[in-house]
Amino acid sequence: MLVLARKKGQSIMIGKEIRIMVVETGGETVRLGIDAPPHLEIFREEIYRELREENTGAVTSSEEALKFLNEKISREK
C-alpha cells in the first residue's frame, strides 16, 4: 500500500485520468474529491462490499436454480 501525506487543496494522480483531491479535513474525517472518467464506477468500500456480496448471492442462487432444473429434467427422462 502506498501511503501519502496531502494537505487541503492538494491532489494525487492515479494514471493519467484519475485525480483525487483533499477537499476538507476536520477531526477524524477527510473529504475527498475524485475526478475520473464517467465509465469508471466509484464506490465507498462498504457499499462495494455489499454489492459484491449481493452479486455473489445472485450467482449462487442462479447456479442452484440451474442445478435444480437440470436434476428435474434428468428425472423426467
Counting only residues that are assigned to a helix (DSSP H, G or I) and among the aliphatic types (A, V, I, L, M), which one in the range 34-77 is modelled with the lowest pLDDT? 59
Would a scan of the range 5-24 turn up a residue that is on the phi < 0 side of the Ramachandran plot, loosely packed, with under 10 Cβ neighbours inside 10 Å and under 18 Å from the mean Cα position of the chain (by Cα)? no
Is at least one residue of the range 60-77 under 17 Å from the mean Cα position of the chain (by Cα), surrounded by 10 or more Cβ atoms within 10 Å (Cβ to Cβ) and β-branched (Val, Ile, Thr)? no
On the given criteria, is residue 31 surrounded by 10 or more Cβ atoms within 10 Å (Cβ to Cβ), out of contact with any helix residue (DSSP H, G or I) (no Cβ under 8 Å at 6 or more places or on another chain) and either part of a strand (DSSP E or B) or at pLDDT 95 or above (or both)? yes
Quick count over the range 8-27, residues being assigned to a loop (DSSP other than H, G, I, E, B) and at pLDDT 95 or above, is 6
Pairs where the first residue, in the range 11-34, is closer than 19 Å to residue 45 by Cα and the second is of a type in the set (Ser, Thr, Tyr) and modelled with pLDDT of 95 or more, C-beta under 7 Å, 6+ apart: 19/11; 20/11; 21/11
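The values are calculated or read from the model by the stated rules, or taken from the named source; none is laboratory data. Bear in mind the structure is a predicted one, so any value in this text is a computation, not a measurement. Glycine gets a Cβ as well: all are built from the backbone with ideal geometry, and neighbour counts include every protein chain shown.
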